[in-house]
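Participant: The structure that follows is given in the form of structure tokens.
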Amino acid sequence: MKIAVFGAGTMGSGIAQVFAGKGHTVLLYASSTASAQRHKDKLAASLNKRVAKGKMAQEAADDLMSRVLVEEFEAAADADLVIECVAENMAVKKELLGRLDALCKDEAIFASNTSSLSITEMGQGLKHHLIGMHFFNPVPAMKLVEVIAGGNTPAELVDYIKNLSTEIGKTPVVVNEAPGFVVNKILIPYCNEGVCVLQEGVASAEDIDIAMQLGCNHPMGPLHLGDLIGWDVVLNIMDVLFNETHDSKYRANVLIRKMVRAGKLGIKSGEGFFKYTK
Ligand code: 3HC
């Protein structure tokens, strides 16, 4: 199968890794071919680290990377599946999908890795069918895929994406369209609440995370988790949840807004509530 992944950041690169690891050909796209190539090089470097640690055979890493291709936009014309993971902005996603709608073969399936936006709205006006295929960070490690049916997504397509998710080693759950779907509707307010607890002076950042890790057996606490997701992403999802529902329980803590404005986005910027060295 040929899969075109648009957006080569953390999620797009992880999705490319998973599909290429299962023998599919992946076209990796970013804002330019030079940028896509840089992301491809980063992916190769992360696989090489796994090889060095003895977690992956060199041959398997080389084999996987040989299936990740950087091509011009037009090469997506014969893709069987297009997955968009570009910025969480409806206008940006719609503009890209509109261009792909004109380019791609009729049988191509369009999927969005949106973390909270409406699949129905995103798919409006497209002749290709659109479905939500929501992966979790870090994609190679996280088993879940939320399969989201928009208002116009055919039932057969839901079944097809469920089966495909299983085939690539993930466990699918079918979710009806709702802001944040299942995981982010619960998880993102949880990260926000971690920040509220910090802001109220209940405990230090370190102790909040230790409390949730050891008290609930979570792999990481809410502040480290937000650092992993990126506070810009957390803020964006909180704003979508709030704007769609007007429920005050989804109001983003002002400290998150301040962190984002200061560029303290988490692991990707080197600093969030904790500091990270490369
Ligand atoms: N490639 C392949 N496998 C990888 C990988 C990679 N780049 N990174 C991690 N893994 C896998 C491996 O299978 C590894 O097992 P191995 O040792 O056999 O290779 C396993 O993950 C564990 O990795 P590590 O030993 O490096 O790290 P930890 O044991 O500390 O676990 C973690 C790291 C998986 C991130 C764990 O802390 C965790 O599960 N944290 C919670 C993550 C979470 O909740 N994510 C969801 C965020 S919400 C989201 O994504 C939605 C979005 O819309 C916002």
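The values are calculated or read from the model by the stated rules, or taken from the named source; none is laboratory data. None of the values given here were measured: they were computed from a predicted structure. We place every Cβ from the backbone using ideal geometry, glycine too, and count neighbours over all the protein chains shown. Heavy atoms of the whole protein, side chains included, go into the accessibility calculation; ligands, DNA and RNA do not. Shrake-Rupley method; radii C 1.70, N 1.55, O 1.52, S 1.80 Å.
Participant: Only sites in a loop by DSSP and with at most 16 other Cβ atoms within 10 Å count here; which GluC sites (Glu not before Pro) in segment 191-278 make the cut?
Facilitator: Passing both the DSSP loop test and the Cβ count: Glu200.
Participant: Using the Karplus curve 6.51 cos²θ - 1.76 cosθ + 1.60 with θ = phi - 60°, work out ³J(HN,Hα) for each residue of segment 233-243 in order, rounded to whole Hz, and write x for Gly and Pro.
Facilitator: 5, 4, 4, 4, 5, 4, 5, 5, 4, 5, 5
Participant: Something else: May I ask you to evaluate 6.51 cos²θ - 1.76 cosθ + 1.60, the Karplus curve with θ = phi - 60°, for each residue of segment 147-162 and list the ³J(HN,Hα) values in order in whole Hz, giving x for glycine and proline?
Facilitator: Here the 3J(HN,Hα) series is 9, 10, 8, x, x, 10, 7, x, 4, 4, 5, 4, 4, 4, 6, 4 Hz.
Participant: Here's a follow-up. Apply the Debye scattering formula to the chain, with a single equal point scatterer on each alpha-carbon and no solvent, then give log10 I(q)/I(0) at q = 0.08, 0.11 Å⁻¹.
Facilitator: The computed values of log10 I(q)/I(0) come out as -0.34, -0.65.
Participant: Just in segment 91-125: which GluC sites (Glu not before Pro) are loop by DSSP and have at most 14 other Cβ atoms within 10 Å?
Facilitator: Those satisfying the criteria are Glu107.
Participant: If packing is taken as the average number of other Cβ atoms within 10 Å across a peptide's residues, how do 151-158, 26-33 rank, most packed first?
Facilitator: For the peptides 151-158, 26-33, the packing ranking is 26-33, 151-158.
Participant: Right, here's the next one. DSSP beta bridges in the chain, what fraction antiparallel, as a percent rounded to 5?
Facilitator: Approximately 15 percent, going by the DSSP bridge assignments.
Participant: Which value, in Å² and to the nearest 10, is the accessible area of Tyr160 when all protein chains are kept and the probe is 1.4 Å?
Facilitator: Counting only protein heavy atoms, the figure is 100 Å².
Participant: Report the FRET efficiency, 1/(1 + (r/R0)^6), for Met56 and Glu95, where r is their Cβ-Cβ distance and R0 is 35 Å, rounded to 0.05.
Facilitator: 0.40
Participant: Sticking with this structure for a sec: Could you sort Lys93, Lys40 by their accessible area in this structure, using a 1.4 Å probe and putting the largest first?
Facilitator: Ranking Lys93, Lys40 by accessible area, largest first, yields Lys40, Lys93.
Participant: Let me ask you something else. Any chance you could give the angle, 0 to 90 degrees and rounded to 10, that helix 33-52 forms with the longest Cα principal axis of the chain?
Facilitator: Long axis of 33-52 versus the principal axis of the chain: about 70 degrees.
Participant: I've got another one for you. In terms of the Cα gyration tensor, with a ≥ b ≥ c the square roots of its eigenvalues, is segment 192-278 rounded because a/c is under 1.5, prolate because a/b exceeds b/c, or oblate?
Facilitator: oblate
Participant: Turning to a different aspect of this structure: Taking the Cα centre of segment 184-269 as origin and charging only Cβ (+1 Lys, Arg; -1 Asp, Glu), how large is the dipole, in debye to the nearest 20?
Facilitator: Taking the Cα centre of segment 184-269 as origin, the dipole is about 280 debye.
Participant: For segment 130-250, rounded, prolate or oblate, judged on the Cα gyration tensor with a ≥ b ≥ c (square roots of eigenvalues), a/c < 1.5 rounded, else prolate if a/b > b/c?
Facilitator: Taking the square roots of the gyration eigenvalues as a ≥ b ≥ c, segment 130-250 is oblate.
Participant: Computed FRET efficiency, Cβ-Cβ of Ser46 and Glu156, R0 30 Å: what is it to the nearest 0.05?
Facilitator: FRET efficiency, Ser46 to Glu156: 0.25.
Participant: Here is a follow-up. Report the charge-dipole magnitude of the chain in Debye, nearest 20, computed about the Cα centre from +1 at each Lys and Arg Cβ and -1 at each Asp and Glu Cβ.
Facilitator: Magnitude of the dipole: close to 760 debye.
Participant: If you find the alpha carbon centre of segment 18-45 and of segment 68-105, how far apart are they in angstrom?
Facilitator: With segment 18-45 and segment 68-105 each reduced to a Cα centre, they are spaced 14 Å.
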